[in-house]
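Asks: Once you've had a glance at the structure underneath, I'll fire off some questions.
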Amino acid sequence: MATTQSNTVQVRIVSSDESQAAINQALNNLDRFEKKAKGVGLTLGTLFKSYVSFGALNFFKREANEILDFSFKLEQAKAGFTTLLGSATQAEERLRSLTKFAEVTPFDISGVVEVNKMLQSLTEGALATEKGMRLVGDAASATGRPLEEVGMWIGRLYAGLESGTPVGEATLRLVEMGLVSGTTKRELDALATQGALPAAEAMAKLDETFGFATGAMELQAKTLPGLLTQLHEAARIAITQSDAYKAAYDTLKGYAVLIKDYADLKALEADDTERAAAATKAFYDAK
C-alpha cells in the first residue's frame, strides 16, 4: 500500500508495481504543472473559473445569435404572410395569433410559424386556423413526430380530399407515423377517388380520423421539456419585443441598407451618369 501526494492531491493506492509507476508519473506531471502555473500567477482554481467564464461567454454568444436568428425568421415570416394574406396588417395579426398559440404548446414559435405558412398555402387557409393548428399539434404530440412533418402530410391529405386527387402517399406516410391504421388508409384512399369533398366534409373527415389525439398537445406542454420550451420562447419574445432590442435591430437593418446602396452605387457603369447621380443622392439621403 502506498500514499502519493502532490500540493493539492492525495491518493491511497493498492495496485501492481506497473500501475503504481504510471500513477506516480501522472501525479508528478500534475505537481510540475501546478508549480509552473503558480509561477505565472495561475492556480487550478483560477483555471477552472476561467473555463467556466469562457463557457458562459460562449453560452451568451450562442443565445444572442439565436435571438437574432429568431428575429430574422419572424421578419421573413411577416413578409411571407403579407404575400399569402394580401396585407401587412393581416400578416401582423396572424403572427400575434401564432405567438399566443405557441405560448401554451410544447413547440417553438419558429416551427409553429413555418407550419402555419405551409398550411395556409397547401390548404388555402383551411388548416391554418387555430382549430387546424390544434389538430396538427395534437397529432404531432401524440406520436412524438416533428410538427412540420405531421403538418405537411395532414395538409396534403386534406388537400387531396378537398380536390378529389389521390392521397395514397399522404396516407402511407401517416400510417408510418402511427396516425392512421391500414383500414383507415384504405377508406381514405377510396374516398379520394369518389370526387372532391366540400371543405366542411373534408375537415370533418380529418376530425374523425385524428380525433383520438385530442388533448395530447396540452399534456406534452405540461411535461418538463414542454415547460422549458415555453420558458425559452417567452424569454425570446420578451427580448425581441423590448424597445431597446427593436432600436438596435432597426439600426442594424439601417446599416445593411446603407451598405447595399453603396454596393449598388459602386456597381454602376461610369457612363451611366443619370443613374449614378440618383444612386448617390439616395445613398447620402439615407445617411
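Asks: Within the group Glu124, Glu114, which residue is assigned by TED's automatic domain parsing to the domain that holds Ala202, in contact with an Asp or Glu (Cβ under 8 Å, 6 or more places away or on another chain) and of a type in the set (Asp, Glu)?
Replies: Glu114
Asks: With respect to Thr165, is the statement that it is more than 29 Å from the chain's Cα centre (by Cα), more than 25 Å from Ala221 (Cα to Cα), of a type in the set (Val, Ile, Thr) and not in a helix (DSSP H, G or I) true?
Replies: Yes: the conditions hold for Thr165.
Asks: If you don't mind, another one. When you check Ala192 against the structure, is it farther than 18 Å from Ala140 by Cβ, at pLDDT 85 or above and surrounded by 13 or more Cβ atoms within 10 Å (Cβ to Cβ), yes or no?
Replies: For Ala192, the condition - farther than 18 Å from Ala140 by Cβ, at pLDDT 85 or above and surrounded by 13 or more Cβ atoms within 10 Å (Cβ to Cβ) - is met.
The values are calculated or read from the model by the stated rules, or taken from the named source; none is laboratory data. From a predicted model like this one, the values you see are computed outputs, not experimental measurements. Note that each Cβ is placed from the backbone with ideal geometry, even for glycine, and that neighbours are counted across all protein chains shown.
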